[in-house]
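The values are calculated or read from the model by the stated rules, or taken from the named source; none is laboratory data. Small disclaimer: the values here were computed from a predicted structure and weren't measured. Using ideal geometry, Cβ is built from the backbone for each residue, glycine included, and neighbour counts are taken over all protein chains shown.
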């Protein structure tokens, strides 16, 4: 099974386009791209899930109640993702009086989060406008998994994605000739 990913060459163009969009797309985009969260998990996050005392948390706890298959997991937050979370928080807190329990992807305090379908449409628009391709929220998850696999092993990627079986994680692997050459060159 082949899965679509965004290549390293394509990422700057997509990210530039996303940076110009209104909340909640940038936050949703980066949570899926840099933490591998599913769109259904992202829309259910509250600000208190990603922030503590107006500072990004070191990790995002995905509760079993919102995780697919009821598999809770903890995803470390990279410095890059932390900076994005903080920037979005500052922008939103300047506009509204947010409370930690408010949904992070709501467009105003005490509102329900945007729908999964809204995020799906926004991501599809990014794909069409910035890259002329079809992408989905799961494309961002695939991209995260593929990028993570380039720096760690399959079991670590499995843990990050919350998969019960390693076979499910294997579909995210995209070895290419460069990977093969690099691996062989590292053999003593």
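For (1) more than 19 Å from residue 77 (Cβ to Cβ); (2) touching a strand residue (DSSP E or B) at 6+ places or on another chain (Cβ under 6 Å); (3) at pLDDT 95 or above, each residue gets a yes or a no:
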site	(1), (2), (3)
100	no, no, no
111	yes, no, no
119	yes, no, yes
123	yes, no, yes
143	no, no, no
161	no, no, no
169	yes, no, no
174	yes, no, no
188	yes, no, no
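Would you confirm whether or not segment 97-104 contains a residue that is assigned to a helix (DSSP H, G or I) and either touching a residue at least 24 places away in the same chain (Cβ under 8 Å) or surrounded by fewer than 19 Cβ atoms within 10 Å (Cβ to Cβ) (or both)? No - not one qualifying residue is present in segment 97-104.
Quick one: in segment 17-72, of everything that is touching a residue at least 12 places away in the same chain (Cβ under 8 Å) and at positive phi, which residue is surrounded by the fewest Cβ atoms within 10 Å (Cβ to Cβ)? Result: 69. When the helices (runs of 4 or more DSSP H) confined to segment 1-84 are screened for residues that are in contact with a strand residue (DSSP E or B) (Cβ under 7 Å, 6 or more places away or on another chain), those reaching at least 2 such residues are found at 47-50. If the condition is being over 14 Å from residue 52 (Cα atoms), part of a helix (DSSP H, G or I) and free of Cβ contacts under 8 Å to residues at least 24 places away in the same chain, then segment 86-96 contributes 87, 94, 95. Being touching a helix residue (DSSP H, G or I) at 6+ places or on another chain (Cβ under 6 Å) and in a helix (DSSP H, G or I) narrows it down to one residue among 134, 157; which is it? Matching residue, one of 134, 157: 157.
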